[in-house]
Amino acid sequence: MRIVLLLLFVLFHKGFSSEYDSRISSSMPLKISKRRPILSPKSIFKLGFFTPAVVGDRWYLGIWNRRFPSEVVWVANRNNPLPKPIGTLTIFKNNLDLVDQYGKSVWSTSTNGTSQRLNKSVLTGELLDNGNLVLRCSDKHDSSEFLWQSFDDPTDTLLPDMKVGWDKKSGLNKILRSWKTTDDPSTCDYTYKVEILRSEEISYSFSISNASFFSILRLSSNGALNRSTWIPRSGKFKRIDYLLPNDACDVYNTCGPNGLCDINTSPPCNCIHGFQPREQEAWELQDRESGCVPKTQSRCSGDQFLTLKNMKLPDTAESVVDMKLGLKECEKKCLNNCNCTAYANESMKNGGSGCIIWVGELLDVRKNKVAGQNLYVKMDAIYIGELHFESMELETIVQATQGFSDSNKIGKGGFGIVYKGRLLDGQEIAVKRLSKISTQGIAGFKTELSLIASVQHVNLVQLLGYCFEGGEMIIIYEYLENSSLDTFIFDESQSSKLNWEKRFQIINGITRGLLYLHQDSRYPIVHRDLKPRNVLLDKDMVPKISDFGMGNVFDKNKAEANTTNIVGTYGYMSPEYAEDGTYSTKSDVFSFGVLVLEIIYGKTNRESYKYSENEESLINYIWRYWKEGKGLDIIDPVIFDSSTFQPHEVKRCIQIGLLCVQERPEDRPTVLSVSVMLASDTMEIALPKPPGYSVRRSPLEIGSSSRKRRNEESWTVTEVTYSGIEPR
């Protein structure tokens with residue numbers, strides 16, 4: 001008999017002494033010591049004794065990932081430590097029970113499993129590979145049937161797929177409770193829980209798609225919520241603290257380079273629009289250290305600025321400050337610097353002053369809760385277009401314009417009427433309502449949307465949205481306070497507001513906008529209807545090219561293209577285009593030349609002017625005076641009266657305008673050449689040849705493919721090949 005008992009004892013002892021044992025049963029308790037922890041089936045997690053103190057006189061039973069023994073994720077006897085790392089885990093009265101070396105219980109689960117069915121079942125305790133210690137019937141493997149699990153009784157740490165929150169069905173409210181100190185796991189006053197609402201379940205959890213990563217969410221002893229993630233590539237733990245009760249955005253550079261922290265979003269870290277995570281997988285695990293990168297690399301030309309409002313400005317370590325520059329000059333300085341990534345006012349006092357530009361990655365960017373500064377971030381213009389372009393409901397537009405009230409009319413043309421409107425948030429808008437009998441038609445409507453949505457530039461009007469509802473075709477633009485250029489230069493009472501300095505600035509602005517369309521936009525665009533009415537002016541008299549309904553994407557690999565649908569306006573169409581439908585960027589250059597001469601002379605090319613005994617167009621009229629050395633004799637008198645008058649500058653602009661309206665396209669300069677000539681006072685420029693005639697009566701009026709507008713002599717497209725935006 002003694003031999004049999006001794007053999008059973010040996011077998012029993014051998015059963016619980018192996019490190020690889022992971023199950024506890026009523027008949028086979030497991031003895032645990034410092035050297036004999038319990039492993040999960042795949043040896044991912046350990047259940048064993050640890051001491052957080054330097055002097056090991058307090059021992060706790062805990063769980064940790066085998067690779068990271070210092071990251072204890074759960075503690076059993078957190079309020080009742082053992083003096084030595086020796087104990088036995090048994091199942092007693094349908095509960096897991098931890099007893100010390102003297103057989104005294106120091107920790108136990110609390111289940112209600114006292115039914116007769118449970119008494120007849122074989123209960124099993126087991127450490128699973130997800131770090132969950134469970135108590136279950138041996139034939140029950142579904143987590144919903146566990147009698148008890150450590151995932152339902154967390155300490156201070158949340159593991160992947162573990163929930164914190166309330167479950168109405170089980171009646172459990174799972175809460176994280178912090179350690180008292182970093183070396184004392186007993187419960188503290190800090191808790192992290194989900195507010196209980198009238199729902200079946202309110203909980204928070206997270207998961208990991210890549211098994212090589214390991215991540216936990218922990219409530220620290222100082223009340224900070226932090227996320228620790230093991231990144232295999234770096235071979236280290238990355239920890240991010242979310243300070244409580246303050247918000248996560250208070251942590252310096254919490255979202256990494258080019259990341260934007262906004263406490264109103266969940267999660268609070270976002271890449272700035274036009275940027276994407278540098279390491280997508282790490283970003284999804286909320287490791288933001290590597291931050292974000294631009295979706296496309298800067299081309300150092302044609303980039304535009306995204307306005308971020310109410311911002312705390314980025315770290316200024318990599319910035320340059322110039323208190324002498326205003327915001328406009330600051331923008332120009334950033335555009336001309338390939339390394340510039342953003343700019344802003346240095347100070348917001350007195351409406352804003354000074355210039356600060358960033359020349360590297362943007363660090364520690366966050367959106368403030370209440371107030372802050374505007375930050376202008378440089379990026380590919382296509383992403384700015386994506387951000388602002390949207391469909392609007394007709395009801396919203398009707399309310400904004402007070403039912404398309406006559407008192408809100410600010411413009412009219414063959415296309416229809418433009419109204420001023422105000423959205424509910426106070427933003428002012430310009431509403432272009434196409435007439436149902438407009439020659440621009442659906443094709444022109446689609447073309448304008450497609451082209452202007454794909455381009456963004458300070459000298460191009462900004463599209464805000466569109467409406468294609470109830471038979472209406474409506475385009476919504478930014479509202480520009482000073483209407484169109486023609487209302488100034490052709491009106492004696494208004495022209496006095498444009499001295500030479502302002503006119504020169506307008507010419508330069510139009511040049512920059514046209515250069516962007518021809519060369520720097522993603523798809524080169526020929527406008528085909530450039531004229532003073534289609535140049536709008538903002539409150540600072542900054543020009544913005546508008547009305548892209550007649551525009552066309554141009555193949556940069558071809559010198560020219562042809563069409564049977566002649567579009568444009570009398571007085572501005574180039575000879576080759578009016579005669580046989582041949583158009584190119586040089587067609588816009590011709591229109592630009594006419595526009596420049598009109599700005600200088602204050603007269604329209606659509607009228608006839610008398611030179612000697614002959615009636616002729618403005619450009620021929622100017623060319624003859626210029627040829628005789630009398631070009632300044634007939635300019636707008638307002639320019640003479642201005643203190644900003646610069647005769648040499650005016651003469652140079654006249655010469656550039658005449659170069660642009662030469663008859664042969666190959667003789668005309670490109671817009672890039674024009675911009676260079678305007679920027680230089682010393683560069684020698686060619687003498688212009690006689691200008692090409694400007695159409696005063698359409699040679700195609702009798703054609704079936706074109707029709708003349710009622711309010712302005714122009715010819716517009718009736719058929720457009722189109723692919724792109726489809727309003728609905």
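The table that follows gives values for the structure above.
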{"item": "Residue check for V194: among the β-branched types (V, I, T), touching a Cys at 6+ places or on another chain (Cβ under 9 Å) and at pLDDT below 75", "result": "no"}
{"item": "Filter result for K586 (among the charged types (D, E, K, R), at pLDDT 85 or above and under 25 Å from Q655 (Cβ atoms))", "result": "yes"}
{"item": "Matching strands (runs of 3 or more DSSP E) fully within region 400-501 where at least 2 residues are under 30 Å from G602 (Cβ atoms) and either at pLDDT 90 or above or in contact with a strand residue (DSSP E or B) (Cβ under 6 Å, 6 or more places away or on another chain) (or both)", "result": "409-413, 416-422, 428-434, 472-478"}
{"item": "Residue that is surrounded by the most Cβ atoms within 10 Å (Cβ to Cβ) [pool: residues in region 310-325 that are over 20 Å from D262 (Cα atoms) and not small (G, A, S)]", "result": "L325"}
{"item": "T307, sole failed condition from (1) closer than 30 Å to L672 by Cα; (2) β-branched (V, I, T); (3) in contact with a Leu (Cβ under 9 Å, 6 or more places away or on another chain); (4) buried (at least 16 other Cβ atoms within 10 Å of the Cβ)", "result": "(4)"}
{"item": "Filter result (in a strand (DSSP E or B), closer than 23 Å to V251 by Cα and either in contact with a Gly (Cβ under 6 Å, 6 or more places away or on another chain) or touching a residue at least 60 places away in the same chain (Cβ under 8 Å) (or both)) within region 339-369", "result": "V365, R366, K367"}
{"item": "Filter pass, L449 being in the same structural domain as F645 (by TED's automatic domain parsing), under 24 Å from the mean Cα position of the chain (by Cα) and crowded, with 22+ Cβ neighbours inside 10 Å", "result": "no"}
{"item": "Among the candidates N112, N79, residue that is of a type in the set (S, T, N, Q), part of a loop (DSSP other than H, G, I, E, B) and modelled with pLDDT of 85 or more", "result": "N79"}
{"item": "Unmet criterion (only one of (1) crowded, with 17+ Cβ neighbours inside 10 Å; (2) assigned to a strand (DSSP E or B); (3) modelled with pLDDT of 80 or more) for F206", "result": "(2)"}
{"item": "Qualifying residue in region 653-660 (condition: out of contact with any strand residue (DSSP E or B) (no Cβ under 7 Å at 6 or more places or on another chain) and exposed (fewer than 15 other Cβ atoms within 10 Å of the Cβ))", "result": "no"}
{"item": "Check on P83, touching a residue at least 12 places away in the same chain (Cβ under 8 Å) and farther than 18 Å from L159 by Cβ", "result": "yes"}
{"item": "Subset of region 502-526 [over 16 Å from V542 (Cβ atoms) and in a helix (DSSP H, G or I)]", "result": "L517, H518, Q519, D520"}
{"item": "The lone exception for I654 - which of (1) touching a residue at least 60 places away in the same chain (Cβ under 8 Å); (2) touching a helix residue (DSSP H, G or I) at 6+ places or on another chain (Cβ under 6 Å) it fails", "result": "(1)"}
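Yes/no matrix, rows are residues, columns are (1) at pLDDT 90 or above; (2) over 20 Å from F490 (Cα atoms); (3) surrounded by 23 or more Cβ atoms within 10 Å (Cβ to Cβ):
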{"position": "I507", "(1), (2), (3)": "yes, no, no"}
{"position": "L514", "(1), (2), (3)": "yes, yes, yes"}
{"position": "P524", "(1), (2), (3)": "no, yes, no"}
{"position": "V553", "(1), (2), (3)": "no, yes, no"}
{"position": "T563", "(1), (2), (3)": "no, yes, no"}
{"position": "E576", "(1), (2), (3)": "no, yes, no"}
{"position": "S591", "(1), (2), (3)": "yes, no, yes"}
{"position": "L595", "(1), (2), (3)": "yes, no, yes"}
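Table: residues versus (1) exposed (fewer than 14 other Cβ atoms within 10 Å of the Cβ); (2) of a type outside the set (A, V, I, L, M).
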residue	(1), (2)
F275	no, yes
W283	no, yes
Q286	no, yes
Q297	yes, yes
D303	no, yes
L327	no, no
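One line per residue, one yes/no per condition, for (1) among the β-branched types (V, I, T); (2) under 14 Å from the mean Cα position of the chain (by Cα); (3) modelled with pLDDT under 90:
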| site | (1), (2), (3) |
| --- | --- |
| C255 | no, no, no |
| I263 | yes, no, yes |
| Q297 | no, no, yes |
| A317 | no, no, yes |
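The values are calculated or read from the model by the stated rules, or taken from the named source; none is laboratory data. Since the model is a prediction, treat every value here as computed from it, not as a measurement. Ideal geometry is used to build each Cβ from the backbone, glycine not excepted, and the neighbour counts take in all protein chains shown.
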